[in-house]
Amino acid sequence: MHNLELENILDTFLQSKQIKDYTINGLQVEGRPDVKRIITGVTASLELIDMAIERGADALLVHHGYFWKSEAPAIRGMKYQRIKRLIENGINLYAYHLPLDLEPTLGNNAMLGKLWDIVDIVPLSEAQPLVLTGELPEAMDIVSLAKLIEQSLDRKPFVEASGPKLIKRIAWCSGAAQDMLEEVAEAEFDAFITGEVSERTIYIARELGIHFFAAGHHATERGGVKALGEWLQSEYGQSHGLEVEFIDIDNPI
């Protein structure tokens, strides 16, 4: 498959051109034109790049790429080493940030909902489509929900137990969405699950009476890019000879 055809397929499926983001979504670093072997992963770290090189990859597809609006534009130091490796080895780098969080069937948040068997899933609001809400099939206590999160993500979550005895209505958002806790609490949900926690988060949870879980930024964002790669393999593997492999490089945050 041509590398630009692959970008168009991903752009179309994820509707990336319609989503305002603070990075570049799509083909960030151009490599060889013909793509057959794709490595997927959460973040385009040097370790992941080197593993892609070892496997003879033509492309790397990630959730966290480069060129964030807040970072210095100069290509030097760590950024230079990463991009140099990609270019020298002809590897295309595709990155999709918010489009992969928002995708309703296999995005990060959609995959979390499937993991936890959430029903009646809807966005928190029109203004906050990243935060999904729903109900557990059966109400459970905080210990049981913490165990469910740990078993499904292979990561023991940080827990601030400040809500009701039984949890039924929950909201969640992958990554670093701890500052959405107040809005979730005001909508009277029993618990909020995200990836990271800040010092201020604890007081918000305590004062507004809501359970808070930080399950890991990396852990909550493995599902989307893995599912996207599996979708590519299923849809285009046979017709275009694509081979897709997910590599999980552990990150405790």
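The values are calculated or read from the model by the stated rules, or taken from the named source; none is laboratory data. For clarity, every value in this text was computed on a predicted model and none was experimentally measured. All Cβ positions, glycine included, derive from the backbone under ideal geometry; neighbour counts span all protein chains shown. Accessible surface is based on the protein model in full, side chains and every heavy atom, while ligands, DNA and RNA are left aside. Shrake-Rupley method; radii C 1.70, N 1.55, O 1.52, S 1.80 Å.
One table, with the values for the structure above:
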| quantity | calculated |
| --- | --- |
| Whole-number percent relative contact order across region 1-90, with pairs defined as alpha carbons under 8 Å at least 6 apart | 32 |
| For the chain, alpha-carbon Rg relative to the globular expectation (2.2 N^0.38 Å, N residues) | 1.05 |
| Centre separation in Å (Cα based) which lies between region 146-201 and region 114-130 | 13 |
| Segment Lys114-Ala74, length gained on full extension (0.36 nm per residue, minus Cα span) | 10.4 nm |
| Average accessible area per residue (Å²) across region 3-97 - probe 1.4 Å, nucleic acids and ligands excluded | 48 |
| Top positive-direction residue, dipole computed over region 3-97 with Cβ charges, set Leu48, Asn92, Tyr80 | Tyr80 |
| Rel. contact order, % - alpha carbon contacts under 8 angstrom, at least six apart, the chain | 20 |
| Of Pro104, Pro123, Gln178, farthest towards positive along the dipole that unit charges on Lys, Arg, Asp, Glu beta carbons give the chain | Gln178 |
| Heavy-atom accessible area order for Phe67, Phe213, largest first, 1.4 Å probe | Phe67, Phe213 |
| Per-residue ³J(HN,Hα) for region 42-54, Karplus 6.51 cos²θ - 1.76 cosθ + 1.60, θ = phi - 60°, Hz, x for Gly and Pro | 6, 10, 7, 6, 4, 4, 5, 4, 5, 5, 5, 4, 4 |
| Theoretical ellipticity at 222 nm over the chain - DSSP helices of four or more residues, -39500 (n - 2.57) apiece, nearest 500 | -11000 deg cm²/dmol |
| For region 124-253, alpha-carbon Rg relative to the globular expectation (2.2 N^0.38 Å, N residues) | 1.19 |
| Amide H contacts under 5 Å for His64, placed H, 5+ residues apart | Thr43, Ala44 |
| Packing rank of 198-208, 29-39, 86-96, 170-180, where each peptide gets the mean count of other beta carbons within 10 Å, highest leading | 170-180, 86-96, 29-39, 198-208 |
| Extension gain (nm, one decimal) between Ile253 and Arg85, 0.36 nm per residue minus Cα-Cα | 57.9 nm |
| Unit charges on C-beta of K, R, D, E only; dipole of the chain, Debye | 580 |
| Long-range HN-HN contacts of Phe246 with modeled amide H, under 5 Å | Thr40 |
